Amino acid sequence: MATRQHYFSQPDSVEQVKIRLFKQLAYYCLGLHCLLLVLFWYCDILILAVVNIGSVIAWSLGIKLLHQNKSHLALRLFCVEVTLHSIFVCATLGMDYGFQYYLWTIASLILLDYQLKLKIASAMALMLIITFALLFELFGKVNSQFLFSELAPFIHFINVLICAIPSIYTIGHIREVTFSNRYQLAQLAAKDPLTSLFNRRYAKELINNAQENCVNTSQQLTIIMADIDHFKNINDKFGHDIGDDVLIEVALKINKYTQESDIAVRWGGEEFLLVLVNCDLHHAQERVECLRRDIAQHIFHAHDLQVTMSFGIAQWSPALPFRIAVKLADDALYMSKAQGRNRTTSAPLKAV
């Protein structure tokens, strides 16, 4: 069910697209009923002309509700109108003209009313389909004196198209925006919103998969802990906005020196974790040194701000719990800081 997060919250993107599509559908149906009103009046079927006057009023009111972001009320009003209109037309003209198929369209659209619980929306859709079936039993043998009765097969075909196109168009567009939102949510669940590196929670899942792969393929895995030197001073002197800019640019540098199989994580605050897959200690040291020098030489932001980073490296082996490898890399990082920062230190092989 749709939820409102705050008084000032606007409808989410799916709801906005749904309202926009319903408005298009409503204007489409409003125009259609205006044409039917003229047609039935011309054919001297006054009862159906009066019914279509009611339909025009109903769709106009529904459009007003849509402009007030009350799509759930509008959709229920449309449901009632389509049901009554189909019954009246089929009772008057019979089933040969295809007006009963409008029930299929509204049955599929009523499921998009997120204010209704799924069970209730499904029950309403089922009732509309049952109504569709009952119309054949009730009005299957109606003999009408419709002026265009010889065109019944053609009108039937046109009504099928008129019913199908809005349903396909509406559900198709909502499907696309739903898939887009699903991708965005997956990105939000996996990535740190500031740096776009993997977040700590999702990275643990990737790291477990990488460990299994390295065990199966006998590849090496190297753990790197990295920390921006004196980051608190940067925040205190330049402000947190500049500090955020520094984190973003550092993340870009990190991405520059990582490969597709590597895992780059914002571990917390100004601390980063790198997991280099199929990379031994020697090559990891070379890559980290290139990254460290690049960051040290880079001018950050517009304040001639220079930033340095310290690194700690540890080699992981299947016999070593991953948390221990991270602890060794973290210890090596603190050794880099203790020795003056802006340097890379590897954990002793004996410790590993």
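The values are calculated or read from the model by the stated rules, or taken from the named source; none is laboratory data. What you are looking at is a predicted structure, and each value in this text was computed from that prediction instead of being measured. Counting neighbours? That spans all protein chains shown, and the Cβs are built from the backbone with ideal geometry, glycine included. Ligands, DNA and RNA are excluded from the accessible area calculation, which covers all protein heavy atoms including side chains. Shrake-Rupley method; radii C 1.70, N 1.55, O 1.52, S 1.80 Å.
Ranking Ile162, Asn255, Ala329 by Cα position along the charge dipole of the chain, where only Lys, Arg, Asp and Glu carry charges on their C-beta atoms, puts Ala329 farthest toward the positive end.
At a probe radius of 1.4 angstrom, the accessible area of the chain per residue rounds to 55 square angstrom. Relative to the current alpha-carbon distance between Tyr334 and Glu289, full extension at 0.36 nm per residue lengthens the span by 14.5 nm. Each of (1) 68, 22, 15; (2) 35, 24, 17; (3) 34, 26, 22 is a candidate for semi-axes √(5λ) of the Cα gyration tensor in Å; the one calculated from this structure is (1). Entry note, the chain: relative contact order of 12 percent, from Cα contacts under 8 Å with a spacing of 6+ residues. Can you tell me which lysines have their Cα less than 19 Å from the Cα of Lys237? Leave out same-chain residues fewer than eight positions away. Within reach: none.
Normalising the average separation of contacting C-alpha pairs (under 8 angstrom, six or more residues apart) by the number of residues puts the relative contact order of the stretch 14-187 at 24 percent. Rounded, prolate or oblate, given the Cα gyration tensor of the stretch 130-258, with a/c below 1.5 counting as rounded? Because a/c hits 1.5 or more and a/b exceeds b/c, the stretch 130-258 counts as prolate.
Between Lys23 and Ala319, the simple spin-label model (points 7 angstrom out along Cα→Cβ) gives 6.9 nm. When a 1.4 Å probe is rolled over the protein heavy atoms, the share of accessible surface on the chain that falls to carbon and sulfur comes to 60 percent. Apply 1/(1 + (r/R0)^6) to the Cβ-Cβ distance of Ala190 and Ile53, taking R0 = 56 Å, and write down the FRET efficiency to the nearest 0.05. Result of the calculation: an efficiency of 0.55. Counting only lysines at least 8 places from Lys64 when in the same chain, those with an alpha carbon closer than 29 Å to its own are Lys18, Lys23, Lys117, Lys119. Put a plus charge on the Cβ of each Lys and Arg, a minus charge on the Cβ of each Asp and Glu, and nothing anywhere else: the dipole of the chain about its Cα centre is then about 580 debye.
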